Every structure is written in C-alpha cells, then in structure tokens.
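To start, the structure itself, in structure tokens.
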Amino acid sequence: MTQINLFDTEPPHIGLDPSTAPKRFSVLYADPPWDYHDRTFLNAKANATGSASDHYPTMSSQDLMDMHVQSIAAKNCILYMWTTGPQLQISMDVLCSWGFRYRTIAFIWEKAGRVNPGHYTMSSCELCLVAVKGKVPHPRGTRNERQFYSTPRTKHSQKPSHFRDCITRMHPSQSKLELFSRDAAPGWFVWGLEAPQSIQIPQIWGNTEIPW
C-alpha cells in the first residue's frame, strides 16, 4: 500500500470567482508563450531544458502584437511582463502594440543551480518588464520589493509565486489579472489555457484567428 504524505502537499491556490471579473483591470501580469525558432535540444523531446513549444502552445510575435490587451486595461494600468534576453526587442514592440509605455525592469529571476547554453554567454536569468498605460494606478502599496530573486526552477518556464506575491503587495487594492496563467491565486483573476477558474475574455483576440 502506498502511503500518502499529507503534510508535504501544498494545497491548491484558490483565485477569485470568474463571474465577478470586471471588464477592465488596473494591474496586468503576463508571461507570454514566446516562440523560439532555434530548436537545438536533445532528440527534440520535451524535457526540463527543451524548447517552449515542446511543453505548451507558443505564439509568434505577430500573434502577441495582434492581441487586444488594451480592451481589458483600465485607463490607468500597470503591466508586468516576463521576457528573456533574445526577446527584448520584440517585447518592446508587443508592449507598444498593447498600448503601454516601457518603464524599467521590475524583477530578475535567476534560475539557481542550472544554466542554459546561450549563444554568447551562459543564460540563467529571465526579466520582468514594467510598462504603464496612462498613470501608475493609485493607491500604491509597498515600494521596497527586491528586484533580484534566485531560486531553482520547477516546471518549464513556470515563474515562482514569489513575484506575484510582490506585485500583490505593491498593488493591494487594485483589480488584478494574470494573463497566460497556469495557476489560481488569492486576490487575482486568471486567464490561460492551463489556468483553473480562468475568466472568459474573447474580445482580447479582436477579429484575429485564435492561435491556439
């Protein structure tokens, strides 16, 4: 008989009821499924260091730019968006297409204990950019969150909940939506293929064909 350990199992997060979601949000948090064209991984099989498309449906830069994110953004809205070094220039185009102005780098995640063989240097970090539509929504919360955080990675590309917790403290009273989410979270609405309790926002695709 297999004994189940009830003490090391983390309970599932519970997010906000999708039926109560507003039409527009003041805080957006996005981890786009960037498409990488140079597949150089072992046997082209899904593994911890495989290409993104081995693990989930990806989107081209044009697909991302065609999304109508501005249709769900409040007049004053702040966006936190994950990217990587190779996608920095494309990321600026995506931010602009979504109606946001780039401000700075909010967070740097060092994937401790493991590096990827980059084209120029060994790659171990991902970046979370900050962009604003209108003004930064008020009232503000904490302003002393640390930019750099080092922790091992788990599932492919899944970001540590630490960063979402930081954003929650920075914007405690605003309506918050995580785009391309994989998990529910207290105080957050979520949207994504893998997200439990995902809200429905068909207008985000506009008149374009859904890429998934």
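Scanning the stretch 105-127 for residues that are outside any strand (DSSP E or B), among the hydrophobic types (A, V, I, L, M, F, W, C) and under 23 Å from I167 (Cβ atoms) yields one hit, A112.
From Y102, Y29, Y36, grab the single residue that is under 18 Å from S181 (Cα atoms) and either modelled with pLDDT under 95 or assigned to a strand (DSSP E or B) (or both). Matching residue, one of Y102, Y29, Y36: Y29.
Out of L95, L88, which single residue is of a type in the set (A, V, I, L, M), out of contact with any strand residue (DSSP E or B) (no Cβ under 7 Å at 6 or more places or on another chain) and not in a strand (DSSP E or B)? On inspection, the qualifying residue turns out to be L88. The residues in the stretch 107-129 that are more than 17 Å from S150 (Cα to Cα) and charged (D, E, K, R) can be counted, and the count is 0. Close Cβ contacts (under 6 Å, 6 or more residues apart or on different chains) running from residues in the stretch 135-147 that are farther than 13 Å from R169 by Cβ and at pLDDT 95 or above to residues that are of a type in the set (S, T, N, Q) and assigned to a loop (DSSP other than H, G, I, E, B) comprise P137/Q174.
Condition check ((1) crowded, with 16+ Cβ neighbours inside 10 Å; (2) touching a Phe, Trp or Tyr at 6+ places or on another chain (Cβ under 7 Å); (3) under 28 Å from G206 (Cα atoms)) across all residues:
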site	(1), (2), (3)
V69	yes, yes, yes
A73	yes, yes, yes
T104	no, no, no
E126	yes, yes, no
P139	no, no, no
T142	no, no, no
K155	no, no, no
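Looking at T154, T168, just one residue is among the hydroxyl-bearing types (S, T, Y) and in contact with a Gly (Cβ under 9 Å, 6 or more places away or on another chain), and that residue is T168.
Could you pull out the residue among D183, D165 that is farther than 20 Å from G85 by Cα, buried (at least 17 other Cβ atoms within 10 Å of the Cβ) and acidic (D, E)? Within the list D183, D165, the selection yields D183. For E178, all conditions in the list (1) under 15 Å from the mean Cα position of the chain (by Cα); (2) at pLDDT 95 or above; (3) loosely packed, with under 13 Cβ neighbours inside 10 Å hold save one; what is the number of the exception? Just one mismatch for E178, condition (3). If we scan the stretch 58-78, do we find a residue that is closer than 22 Å to P160 by Cα and either touching a Cys at 6+ places or on another chain (Cβ under 6 Å) or at pLDDT 95 or above (or both)? Yes, there is a match, as at least one residue in the stretch 58-78 is closer than 22 Å to P160 by Cα and either touching a Cys at 6+ places or on another chain (Cβ under 6 Å) or at pLDDT 95 or above (or both).
Quick check on this structure: which one of V94, V190 is closer than 17 Å to A73 by Cβ, in contact with an Asp or Glu (Cβ under 7 Å, 6 or more places away or on another chain), in contact (Cβ under 8 Å) with a residue 24 or more places away in the chain and β-branched (V, I, T)? Just a single option satisfies the conditions, and that option is V190.
Of the residues making up the stretch 106-115, just one is of a type in the set (K, R) and surrounded by 15 or more Cβ atoms within 10 Å (Cβ to Cβ), namely K111. Scanning the stretch 197-212 for residues that are exposed (fewer than 15 other Cβ atoms within 10 Å of the Cβ) and part of a loop (DSSP other than H, G, I, E, B), we see that the one that is modelled with the highest pLDDT is Q200.
The values are calculated or read from the model by the stated rules, or taken from the named source; none is laboratory data. Note that the coordinates shown come from a computational prediction; the quantities given were computed from them, not determined experimentally. Backbone-built Cβ (ideal geometry, glycine too); neighbour counts: all protein chains shown.
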